[in-house]
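The values are calculated or read from the model by the stated rules, or taken from the named source; none is laboratory data. Predicted model, so just to flag it, every value in this text is computed and none were measured. Methodologically, a virtual Cβ is constructed for each residue, glycine included, from the backbone with ideal geometry; neighbour enumeration extends over all protein chains shown.
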Amino acid sequence: MNVANRQACAEQHYDYPIEDVFDAWLDPTSLADWMRVPSWEKGVTAESQPEVGGSYRLVMHKPDGDVVHTGTYLEIERPHRLVFYMDAPRFVGRGQCRHDRTLGPRWRDPSDPHS
């Protein structure tokens, strides 16, 4: 399958200030805690050089072996835009994929309890 030109879009909502969520993507301690899967007893370790051209390494310690994610930061525009490459051969198996995170406020409609 050729995945070179495919895109995926996901939306997540957090009840935290944009700056805190953005910073969590760049801080190794926060990132390791955020990416931890409770059923994987060994946890996650992370390293990060949060600057354009800097790299990161995230290791998810699974019972059946480690899953290593590595990448390079392409754009950092705090607190609204973070672009990076990620390579996780065990999961992706097709080389690097580009991630483009855009953060912004979520406008809530006070009359809608589900907004």
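Every residue, every condition in (1) touching a His at 6+ places or on another chain (Cβ under 6 Å); (2) hydrophobic (A, V, I, L, M, F, W, C); (3) touching a residue at least 40 places away in the same chain (Cβ under 8 Å), yes or no:
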site: 14; (1), (2), (3): no, no, no
site: 23; (1), (2), (3): no, no, yes
site: 28; (1), (2), (3): no, no, no
site: 33; (1), (2), (3): no, no, no
site: 36; (1), (2), (3): no, no, no
site: 39; (1), (2), (3): no, no, no
site: 47; (1), (2), (3): no, no, no
site: 53; (1), (2), (3): no, no, no
site: 58; (1), (2), (3): yes, yes, no
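Of 75, 41, 51, which residue is at pLDDT below 85 and of a type outside the set (A, V, I, L, M, F, W, C)?
41
Quick one: which strands (runs of 3 or more DSSP E) sit completely within segment 47-89 and have at least 3 residues that are crowded, with 18+ Cβ neighbours inside 10 Å?
Output list reads 55-62, 65-77.
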